[in-house]
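A.B. asks: Right, I'll just put the structure down here and ask away after.
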Amino acid sequence: MRKFLALVLIAALGAVLIAAVVNLPEPGTTDSPVHTHVSAGYIKGGHEAGGADNLVTAVLLNYRAIDTFGEVTVIFTALIAVLAATSLAGPTERSGTQNIDLKTTRVPVSPVVSFVVRLMAPFIATFALFVMLKGHELPGGGFQGGVVLGAMLILLALFSGRTDKTDDEELPPGLRNWIRAAGPLVFGALGLTGLVFSGWLFSLPDHPFWREMVMIGLELGIGIGGAAVLVGLFRALREG
Amino acid sequence: MSAAAHGLALVVLVPIVGGALIPALFRRFPTAAWGFALASSALTLAISISLIRRLLAEGPFSYAAGGWPPPYGVALHFDRFGAAIAVFSMITLLVLIFSRRYIPAVVPIARIPLYYALVMINLGGMNGFLVTGDLFNLFVFMEVFSVSAYALVAMARGPQAGLAAIKYLLLGAVSSLLVLFAIGLIFAQTGTLNMADAAGRLDAAASIVPTALALGALTIGFMVKAALFPLHVWLPDAHASAPAPVSALLSAVVVKAGVIGIIRTLQTFSDHGSLQLMPLQSLLIWLGAIAVLWGAVAALVQSDLKRLLAYSTVTNIGYIFIGLGIGSATAASGAAVHIINHAVIKAALFLAAGALIHQSGLRHIDDLRGLGERMPLSALALGVALLAVAGVPPTAGFVGKWQIGLGALETGRPLLMGVVIVGGLLVLTYGVRIINTLFFRPPLHVRVVTSREAPPSMLAAILLLAASSFLLGLAGKPMLDFVAPAILPLTDTG
Amino acid sequence: MSVSDLFDLLILALLITCVLGIARVRDLATAVTLFAIYSFVLCLLWAHRGAPDVAMTEAAVGAGITAVLFFTAIAKIGRREK
Amino acid sequence: MMAAIQATLAGLLIVAGAAFFFIGTIGLLRLPDFYTRVHAVTKCDALGAGLVLLGLAILAGFDGSGIRIIALIALVLLSSPTAGHALARAAWRAGLEPWYRKSGHVGQ
């Protein structure tokens, strides 16, 4: 009965969504409002005014920087949320008994996999940095580079053959918390520099060179902060 | 461009950056995070007061974030609804003061900075939600305060809080998706995300179907966040099992975001010529009326003090929606004032209840018998706030309910006036019951006898809030006059 | 109907198949694997519709990191749905 | 002339790659147990994708994108056998018995 009800509900919701979507202006037609109004302005002015060949980056970091600030905050908050929720067990039950059990049941890492992962890691890291640094010209940017970097770090943590050591030894814990907060913090810095340079919060400098530098800084902050958050999520789930 | 306008972005920037700094700065000295959080929320409060001063001097104003003129950039907009950020910042500040002694008792010491970080990020998200004039920005800040709210509920110990947080998370995520879907529909129809711009261009849209569905999705999405009956099911669990300061924050501030979201929705769609908002408004009245009665009756049968208070939030959200649904100037301004007044009263209620529960270790109402003798100030504050939430004149709860009832009479709905009165009486019934239990019944539980009055930091927050929930009633007239200009555009929708 | 449209249709059909599979299986590990496949197919759709930025994120997050996070969680709670 | 040779060679390589994909997929569907199926699928990735990419590299010529494709081939040749190895090893560690013909059926 519950299954049937759920099915009816889902079908009704689906019908409503489809009804909404089929009545929208046809995608891809040049005269639909999506293409004629604000987006047209971005395309016309994006290159010079937005300061990035990649219009997506121009919108993310320049026109709608405050949105991106909110987004990196959500990512950071997600990590804080997981860290807070894993305290559910309470302080007394957190003495590594569970971890020891896990270690004995864990299959030792294959030397082949460990070797290949370590061989490929520098290449992945280079690619991630490239994606971050070139995000204003080519497809990519801080978010994309960050997830690639984060995936690489998680891969290393999974397969580097160092399961006997805790990951805490990789980075000093004080520094770790700063890096995790890098996303919101670079935007905080952008807020203030924008006020100094051009009189508006969240605005990029007008000078092309400085604007590019600030954009690269933002991309690095988003990317490295995002990667640190992803690694933190992984670690919190594995150990928490 | 006066300096005050920058404050519109700063009320978002300061608490969020402050919150992001806390885990990094206070890893070694977790308890010191309290002072930092207090300072940054005080700064936020100061900025929001400067914004209100400018609002009173010059009327509503906008700020183009990044210097990009709307609709290309994100426009932040400050109107008389946005002025609520000052009250919400104030309540957050008091909740933080209360947390100083409360939180170390319920949260493992290493996680204390996380709690303060989440509270600050929650404040920043709320502020952003209230001041933004952009649809997608609205969604982003809704996510900021929602995600932090889920986590704050989960901070309490025990499996109950975890389950409540998951329930809250699931419903909240569905509502967020609905809002996002609606924003997508509006963008596809108008090509813009700026609320004012979109409102003007909706009429020219090719088809009315997606617009109507966007209105529906936004309403349902925000109804979940506001916990309006029948979408309130997550609220009693979440607000009852969270730590007391978190309950205060969620019940007083965070559910109001849903209400403000509905107000913004009505504002955006009221320009649309062919779309009648009438059925939506009568739906809000009906649901609000059911919520008032349902919440009051459900609260009557609760034996757990915090759960009772959580159901009282359901009742009060019902009142606010009745006022918004009626839509006349009297009722809607009453609803707007009740948003603020209920925030103050509910913060007082949850903090006072938190102090009683924390000091005695008991949470069932019957166990609390005679606690008024041991903890006179906290119990007195709870009593005053209970009278206020019932709407006894001249307390703060009276103003909004009276206006909403008046509005119902003016628009020829005497039955609705009856609902308002019956709801108030039901609330008064359990209010008097609790006061009676606290002060006039002999102690039953041994812990009551050994309980001591709450520490000064808790008492300061409780007494200030309880006093305000009494005194704001006397300031009813100026408050109504303050919100009236903001209400006017809403009233032509009916 | 052009080849490009056919490609889209094929991908959409695959997506729906994956989602139905996720809804039906009782084994959480299988569901997560199907979810990773779903993300990867969606990544193809993004790339095909001219959004390489999104495609890159989808590939790394959807097919990579979320799968790892889900598996880590499953390792704690057991892989059978109760 | 040069272009024709290039195109023919590339076409042959791509067809060969596609054939490996096809055979690998048939193997995935028809082979009797996990280990043999992993064996078949790894051929898809390593040889199938490798040959298709090699064909594309020849088509692209040895400029920027050609070199990138060569790098991709190197990565695929590294990662695909490793994945196959990891899968088979995990199955073995988990105690999955490999399939073999029952003695009575040998030769039939």
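A.B. asks: How long are the three semi-axes of the equivalent ellipsoid of the protein assembly as shown, in whole Å, if each is the root of 5 times an eigenvalue of the C-alpha gyration tensor, listed from largest down?
C.D. replies: 51, 33, 27
A.B. asks: Using only protein heavy atoms and a 1.4 Å probe, report how much of B:THR437 is accessible, in Å² to the nearest 10.
C.D. replies: Roughly 10 Å² of B:THR437 is accessible to a 1.4 Å probe.
A.B. asks: Amide H neighbours of A:ASN23 under 5 Å, at least 5 residues apart or on other chains, H built in the peptide plane: list them.
C.D. replies: none
A.B. asks: Now a separate question. What are the ³J(HN,Hα) couplings of the stretch A:197-213, residue after residue, when phi is run through the Karplus curve with 6.51, -1.76, 1.60 and θ = phi - 60°? Round to Hz, x for glycine and proline.
C.D. replies: Running phi through 6.51 cos²θ - 1.76 cosθ + 1.60 with θ = phi - 60° gives 7, 10, x, 10, 5, 6, 10, 8, x, 7, 5, x, 5, 5, 5, 5, 4 Hz.
A.B. asks: Roughly how tilted is helix B:208-226, in degrees to the nearest 10 and between 0 and 90, from the longest Cα axis of chain B?
C.D. replies: That works out to roughly 10 degrees.
A.B. asks: Given the alpha-carbon gyration tensor of chain B, what are the semi-axes of its equivalent ellipsoid in whole angstrom, ordered largest first, with each equal to the square root of 5 times an eigenvalue?
C.D. replies: Working from the Cα gyration tensor, I get semi-axes of 35, 27, 20 Å.
A.B. asks: OK, next. Give me a comma-separated list of calculated 3J(HN,Hα) values for the stretch B:89-98, in order, Karplus coefficients 6.51, -1.76, 1.60 applied at θ = phi - 60°, integers in Hz, x for any Gly or Pro.
C.D. replies: 5, 4, 5, 4, 4, 5, 4, 5, 4, 4
A.B. asks: So which of A:LYS3/B:LYS401; A:LYS44/A:LYS134; A:LYS3/C:LYS76 end up more than 32 Å apart by C-alpha?
C.D. replies: A:LYS3/B:LYS401
A.B. asks: Can you give the charge dipole size of the stretch B:356-445 about its Cα centre, rounded to the nearest 20 debye, using +1 on the beta carbon of Lys and Arg and -1 on the beta carbon of Asp and Glu?
C.D. replies: Using Cβ point charges on Lys, Arg, Asp and Glu, the stretch B:356-445 gives about 60 debye.
A.B. asks: From the C-alpha coordinates alone, can you work out the Kirkwood hydrodynamic radius of chain C, in Å?
C.D. replies: 13.5
A.B. asks: Follow-up. Please list 3J(HN,Hα) in residue order for the stretch C:70-76, calculated via the Karplus relation 6.51 cos²θ - 1.76 cosθ + 1.60 where θ = phi - 60°; whole Hz, with x for glycine and proline.
C.D. replies: With coefficients 6.51, -1.76 and 1.60, one gets 4, 5, 4, 5, 5, 4, 7 Hz.
A.B. asks: Provide, for q = 0.25 Å⁻¹, the log10 of I(q)/I(0) from a solvent-free Debye sum over equal Cα point scatterers in the stretch D:1-43.
C.D. replies: -0.75
A.B. asks: Taking only the Cα atoms of the stretch B:286-494, how large is their convex hull per residue, in Å³? Each step should come with its number before you reach the end.
C.D. replies: Working: hull volume 19.8 nm³, N = 209.
Looking at the stretch B:286-494, the number lands at 95 Å³ per residue.
A.B. asks: Let me ask you something else. Quick check: the angle from helix C:28-48's long axis to the longest principal axis of chain C, C-alpha only, nearest 10 degrees?
C.D. replies: It works out to around 20 degrees.
A.B. asks: Cα-based Rg (one decimal) and Dmax (whole number) for the stretch B:243-336, in Å?
C.D. replies: In order Rg, Dmax, the Cα atoms of the stretch B:243-336 give 14.8, 50 Å.
A.B. asks: In Å², what does the accessible area per residue of the protein assembly as shown work out to with a 1.4 Å probe?
C.D. replies: On the way: 39250 Å² over 924 residues.
Counting only protein heavy atoms, the per-residue value for the protein assembly as shown is 42 Å².
A.B. asks: Which cross-chain or sequence-distant (5 or more) residues have an amide H under 5 Å from the amide H of B:PHE61, H modelled 1.01 Å from N in plane?
C.D. replies: The list, which skips near neighbours in sequence, is B:PHE78.
A.B. asks: Keeping the other protein chains in place, figure out the carbon and sulfur percent of the accessible area of the protein assembly as shown, with a 1.4 Å probe.
C.D. replies: 71
A.B. asks: Give me, ordered by chain and number, the residues 5 or more places off B:THR132 or on other chains with an amide H under 5 Å from its own placed amide H.
C.D. replies: B:HIS77
A.B. asks: Between chains A and B, what is the buried accessible area summed over both chains (1.4 Å probe, protein heavy atoms, nearest 100 Å²)? All intermediate terms of the calculation are to be shown ahead of the outcome.
C.D. replies: Details: alone 15360 and 17860 Å², together 28190 Å².
What A and B bury together is about 5000 Å².
A.B. asks: By how many degrees, 0 to 90 and rounded to 10, does the Cα axis of helix B:376-390 deviate from the longest principal axis of chain B?
C.D. replies: 40
A.B. asks: Would you mind computing the Rg to Rh ratio of the stretch D:2-92 from its alpha-carbon coordinates, Kirkwood style for Rh?
C.D. replies: With Rg and the Kirkwood Rh in hand, the quotient comes to 1.08.
The values are calculated or read from the model by the stated rules, or taken from the named source; none is laboratory data. Just so you know, these numbers come straight off a predicted model, no measurement behind them. As a convention, Cβ positions derive from the backbone with ideal geometry for all residues, glycine included, and neighbour counts pool all protein chains shown. Accessible surface areas use protein heavy atoms only, side chains included; no ligands, DNA or RNA. Shrake-Rupley method; radii C 1.70, N 1.55, O 1.52, S 1.80 Å.
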